[in-house]
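Here the structure is laid out as C-alpha cells; the discussion comes afterwards.
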Amino acid sequence: MEQFFQQLTNGLAVGGIYALIALGYTMVYGVLKLINFAHGDLFTIGAYLGLTLLTSMALTDHLGPFAGVLVLAVMVMGLVGLVGALLDRLAYRPLRESPRLSAVVSALGASIFLQNTVMLIYGARFQVYPQNILPKSAIYLFGLYIPLVRILILIASIVMMSALYFFIQKTKVGTAIRAAAIDQGAARLMGIDVNRVILMVFLLGPALGGVAGLMVGLYYGQINFTMGWVYGLKAFTAAILGGIGNIPGAMVGGLLLGVIEAMGAAYLSIAWKDAIAFCVLILILILRPTGLLGERVAEKV
Amino acid sequence: MKKLFFVALAMSLMLGSVYAAEPPKIGLMGPMTGSWASEGQEMKQVADLLAEELNAKGGLLGQQVVVVSEDDGGDPRTAALAAQRLATQGVVAVVGTYGSSVCEAAQNIYDEAKIIQIANGSTAIRLSEKGLKYFFRTCPRDDEQAKVGAQTIEKLGFKKVAVLHDNTTYAKGLADEAKALLEGKAGIEIVFFEAITPGERDYSAILTKLKSANPDVVFFTGYYPEAGLLLRQKKEMNWNVPFMGGDATNNPDLVKIAGKDAAAGFYFLSAPLPKDLPSEEAKQFLEAFSKKYGNPPNSIYAVLAGDGFRVITHAIAQTGSTDPDKLADYLHNEIKDFPGLTGKISFNEKGDRDGEVYRVYEVNEEGQFILMP
C-alpha cells in the first residue's frame, strides 16, 4: 500500500508536467485543427531560456528562491509566448487557407528547425541547472517520502491550469477563443478578429509549455535539445486521452497518463510502461472515441 | 591542326584523371546531433586534429588526407542513410560509430560496398560475430566488460545485485552477459532485472520499485544521461545503495547531471580515461588537443576514434594501397602491437581488438574519476 501511494505521488508529479504541455496542443487543435508538432520544442526553449535567465541575472540571489523563481517563470512565459506567436506568424499563418496537411508539414519542419537552432545556440552537450536553487527538503508522511518541489510543481500546474480554464470560460477574450474554436467563419461574422484569437492561443499555449520546461529544468536539472521530443509525445498522448480540443480533458489526460505510467512501471513492467500507457489509450479510444472528456476527434493526421 | 590539338587535350584530360589518384578520403560516422551529440562532435574534433597533423607531415601516399564526416544522429535509421552517403563518396574506410545499435544498422552497407569500418564505441558482442571481413573496432567487447564487472561486484562483496539496462543493443547485451556471469557465482543473487526508457527525465517510479527489491548494488548498463538522473533522484530519495555503471556512463557530464554529492561513490567500468593513458603518443596527442580546442578530450571514445584513424592511415601508408582487401588483410594479420593512443593495438580474426582493456573507476567527492587499483 505504501508503494502504491508513493507511486501515485510519483505519477502525479510527472503527470502535472504532461498536462501543462498538453494544454498547448489542445488549445491550438481546438482553434486551428492543427497539431502543433513544434510545441515540444517550445517546451525545450522554455527550459533553455530559463537556464540563461537564471544564470545571467541571478534572480534567486536577489529575490530569494521562491520570488526569484516566480519572476523567472513570468519572464520565461512571456518570451516563449513571443516565440510561439512568431512561429504562428511565420510558419502557420501563411498556410491558413491551404489544405490542413500543409500546415502539419510546416509544423514538423518548424519542430526540426527549432530543435537544431537550440543545438546550434547552446551546443549539443547536456546543460545543467545550478543545484540548490529550490530547497531540497522533503516531507515524510506515513512512510511516504515526497520532495517539496514535487508538491510545488503539482500545485503550480494545477493553479495555472485553473487560471487558464477560468480565463477561457469567464473572460471576453476566452469567449472569443471558444467561439473561434466552434466555427471560425461564424466567429468572423460576429466581429471576432480570428487572427488575433489565434495569436492569443499561440501566446498562451507556448507560455504554459515554456514554463513546464522551466519546471523540468529546475527539478530534474538536466536539459538537452532533444528533451522536447519525449515530453511532446507524452503530452500529445495526454491531450488525445483526455479528448483533444478540450481544456479540462488535457489536464485530466496529463495527470492520468502520469499515474498510469507510474503504476504500470510499479506493478507490471518498467520496460513496458510506455506500451501499457498506450494500451490504455487505445482501450479508452475504443470505448470513447472522443477521449475521456472530448467532443471532437482528430479526423486526420 | 586544331582538331589534333583538341584530341590531344581530350586524351591528356582522360589520362590525367586516370593517373592523378584522388586524395584518400577517410569517412567519419558519428552522432553529431541527437542525445549523444557531445560524443560525435568530439570524435570529429579528434579526427580533424589527427588529419591536420598527418597532412602537415606530408599526408598519405603523397596526397592530403580528407576527412568526410557524416552525422548518424545516434539513430539507426539516420545511420543507414549516413552510411549510404559515405559509400557513394568513395571513402576508403570509415571510422565510427559510438552506439552499438547505430553501428549495426550501418555494418552491412559498408561490408557490401567493401569499405573498411573501424568502430570506436560500439562494444556489443554480436557486431563482430557476423563474419564481416571489413569490420574492426578499437574499443573492447562487452563480454570482457561483463567479466570485469562481475569480478568487481564479487570483489566488493555485494550479494544481492540489481541489473538495470535501457534495451539498446549495447546495454541489453552487457546486462544479459553480466547476469549470466553473476548467476554462475556462488552466493550472488540477481534480485532485479529490468529496462528503463532512455530519454526521459523522471525515473522515480523505477527507483521506488528498485528500492523495494532491496539490492546491495545496482548495475546500470545504459548511458550517462540516464545514469546521472538515476543517481540524482536516488540521492533525493535518501537511498544510499551503491551504483555501478558500464563504460557508457564514462563521461564527465555524468557528474554535472547528477551533481557532485550524488555522483560520489559511483563505480564504472571503462577503458582507461584520456588522462590515465600512459603512452608517449597519448601525452603528445592530449597536449595538441588541448592546444587546439582549449580543453582535453572528455570522452575515451573520441580518443578511440582517433586510434581508428591512426590505424587505418598507418595501414594505407604501409601497404601503399587503398584496396580494401589488402587493407583488411593487413589489419587482420600484419599489424601487431601498433602504438595506439589507448595502448597497443592488434586485431584478431574477428576484427576485435586483442588484449584486456577495462579498468574500474570510482567517482570521488570532488566529482573526479579515480582509477581503482
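Can you name every residue in the range A:135-164 that is assigned to a helix (DSSP H, G or I) and farther than 24 Å from A:Ile21 by Cα?
The first filter runs over the range A:135-164 and keeps only residues assigned to a helix (DSSP H, G or I), leaving A:148-164.
Of everything in the range A:135-164, nothing turns out to be assigned to a helix (DSSP H, G or I) and farther than 24 Å from A:Ile21 by Cα.
Return yes when A:Ala266 is crowded, with 24+ Cβ neighbours inside 10 Å and either touching a helix residue (DSSP H, G or I) at 6+ places or on another chain (Cβ under 6 Å) or at the interface with chain B (Cβ under 9 Å from one of its Cβ atoms) (or both) and no when it is not.
On the way: crowded, with 24+ Cβ neighbours inside 10 Å: no; either touching a helix residue (DSSP H, G or I) at 6+ places or on another chain (Cβ under 6 Å) or at the interface with chain B (Cβ under 9 Å from one of its Cβ atoms) (or both): yes.
Here the answer is no, as A:Ala266 does not meet what is asked.
Which residue, of B:Ala227, B:Ala264, B:Ala248, is away from chain A (no Cβ under 13 Å) and either touching a Phe, Trp or Tyr at 6+ places or on another chain (Cβ under 7 Å) or acidic (Asp, Glu) (or both)? Break it down into steps so the answer makes sense when it comes.
Numbers: B:Ala227 fails: away from chain A (no Cβ under 13 Å); B:Ala264 fails: either touching a Phe, Trp or Tyr at 6+ places or on another chain (Cβ under 7 Å) or acidic (Asp, Glu) (or both).
One residue alone meets the criteria, B:Ala248.
Looking only at the range A:117-134, count every residue that is modelled with pLDDT under 90 and outside any loop (DSSP other than H, G, I, E, B) and tell me the total. Spell out the reasoning first.
Looking only at the range A:117-134, we keep the residues that are modelled with pLDDT under 90, and these are A:119-120, A:122-134.
Narrowing further to those that are outside any loop (DSSP other than H, G, I, E, B): A:119-120, A:122, A:127-128.
Total satisfying the criteria: 5.
Taking the condition of being closer than 24 Å to B:His314 by Cα and buried (at least 24 other Cβ atoms within 10 Å of the Cβ), how many residues in the range B:23-38 meet it?
Our first condition is that a residue be closer than 24 Å to B:His314 by Cα; within the range B:23-38, this holds for B:23-30.
When the remaining residues are screened for being buried (at least 24 other Cβ atoms within 10 Å of the Cβ), the result is B:26-30.
The number of residues fulfilling the criteria is 5.
Just to be sure, is B:Glu236 under 24 Å from A:Ala13 (Cα atoms), touching a residue at least 60 places away in the same chain (Cβ under 8 Å) and facing another protein chain (nearest Cβ under 10 Å)? Give the derivation first.
Details: under 24 Å from A:Ala13 (Cα atoms): yes; touching a residue at least 60 places away in the same chain (Cβ under 8 Å): no; facing another protein chain (nearest Cβ under 10 Å): yes.
No.
Checking the conditions here, which among A:Leu72, A:Leu101, A:Leu79 is crowded, with 22+ Cβ neighbours inside 10 Å, of a type in the set (A, V, I, L, M) and in contact (Cβ under 8 Å) with a residue 60 or more places away in the chain?
A:Leu72
Only residues that are facing chain A (nearest Cβ under 10 Å), in a helix (DSSP H, G or I) and either buried (at least 19 other Cβ atoms within 10 Å of the Cβ) or of a type in the set (D, E, K, R) (or both): list them for the range B:173-212, please.
B:Ser204, B:Ala205, B:Ile206, B:Leu207, B:Thr208, B:Lys209, B:Leu210, B:Lys211
Only one residue in B:Lys234, B:Lys292, B:Lys275 is modelled with pLDDT under 90, of a type in the set (Lys, Arg) and assigned to a helix (DSSP H, G or I), so which one is that? Break it down into steps so the answer makes sense when it comes.
Numbers: B:Lys234 fails: modelled with pLDDT under 90; B:Lys292 fails: modelled with pLDDT under 90.
Answer to the check: B:Lys275.
When the residues of the range B:251-261 are filtered to those that are in a helix (DSSP H, G or I) and buried (at least 24 other Cβ atoms within 10 Å of the Cβ), which remaining residue is nearest to the other protein chains (Cβ to nearest Cβ)?
Step one: filter the range B:251-261 for residues in a helix (DSSP H, G or I), giving B:253-258, B:260-261.
If we keep only those that are buried (at least 24 other Cβ atoms within 10 Å of the Cβ) as well, we get B:254, B:257-258.
Working: B:Leu254: 9, B:Ile257: 4, B:Ala258: 8 Å.
Per the criteria, the residue is B:Ile257.
What are the pairs with Cβ atoms under 7 angstrom where one residue, in the range A:213-232, is on the phi > 0 side of the Ramachandran plot and the other, located anywhere, is buried (at least 24 other Cβ atoms within 10 Å of the Cβ)? Sequence gap at least six, or different chains.
Hits for this filter: A:Gly221/B:Ile257.
On the basis of being charged (D, E, K, R) and buried (at least 22 other Cβ atoms within 10 Å of the Cβ), does A:Asp88 make the cut? Show your work before the answer.
Working: charged (D, E, K, R): yes; buried (at least 22 other Cβ atoms within 10 Å of the Cβ): yes.
So A:Asp88 passes the test.
Which residue is surrounded by the fewest Cβ atoms within 10 Å (Cβ to Cβ), if the candidates are limited to the range B:41-98 and must be among the acidic types (Asp, Glu) and in contact with a strand residue (DSSP E or B) (Cβ under 9 Å, 6 or more places away or on another chain)?
Of the range B:41-98, the ones among the acidic types (Asp, Glu) are B:42, B:48, B:52-53, B:70-72, B:75.
Then keep just the ones that are in contact with a strand residue (DSSP E or B) (Cβ under 9 Å, 6 or more places away or on another chain); that gives B:42, B:48, B:70-72.
Details: B:Glu42: 26, B:Asp48: 16, B:Glu70: 25, B:Asp71: 23, B:Asp72: 30.
Per the criteria, the residue is B:Asp48.
Please list, ordered by residue number, the strands (runs of 3 or more DSSP E) wholly in the range B:49-162 having 1 or more residues that are in contact with a Ser or Thr (Cβ under 7 Å, 6 or more places away or on another chain) and among the β-branched types (Val, Ile, Thr).
Working: elements: B:66-71, B:93-95, B:116-119, B:135-137.
Correct list: B:116-119.
Would you tally the residues in the range B:295-310 being assigned to a helix (DSSP H, G or I) and either touching a Phe, Trp or Tyr at 6+ places or on another chain (Cβ under 6 Å) or over 19 Å from B:Thr123 (Cβ atoms) (or both)? Break it down stepwise before answering.
Applying the first criterion (assigned to a helix (DSSP H, G or I)) to the range B:295-310 yields B:300-310.
When the remaining residues are screened for being either touching a Phe, Trp or Tyr at 6+ places or on another chain (Cβ under 6 Å) or over 19 Å from B:Thr123 (Cβ atoms) (or both), the result is B:301, B:310.
Of the residues in that region, 2 qualify.
Can you confirm whether B:Val218 is in a loop (DSSP other than H, G, I, E, B) and on the phi < 0 side of the Ramachandran plot?
Values: in a loop (DSSP other than H, G, I, E, B): no; on the phi < 0 side of the Ramachandran plot: yes.
Considered against the rule, which asks whether it is in a loop (DSSP other than H, G, I, E, B) and on the phi < 0 side of the Ramachandran plot, B:Val218 comes out as no.
Being loosely packed, with under 14 Cβ neighbours inside 10 Å and either of a type in the set (D, E, K, R) or within 7 Å of chain B (Cβ to nearest Cβ) (or both) is the filter here, so list the residues in the range A:121-145 that pass it.
Scanning the range A:121-145 gives a single hit, A:Lys136.
Mind checking which residues of the range A:231-246 are among the β-branched types (Val, Ile, Thr) and buried (at least 24 other Cβ atoms within 10 Å of the Cβ)? Talk me through it step by step, then tell me what you get.
Of the range A:231-246, the ones among the β-branched types (Val, Ile, Thr) are A:237, A:240, A:244.
Correct list: A:Ile240, A:Ile244.
The values are calculated or read from the model by the stated rules, or taken from the named source; none is laboratory data. Bear in mind that the values here come from a model prediction, so they are computed numbers and not experimental data. With ideal geometry, Cβ positions are generated from the backbone for all residues, glycine too; neighbour counts draw on all protein chains shown.
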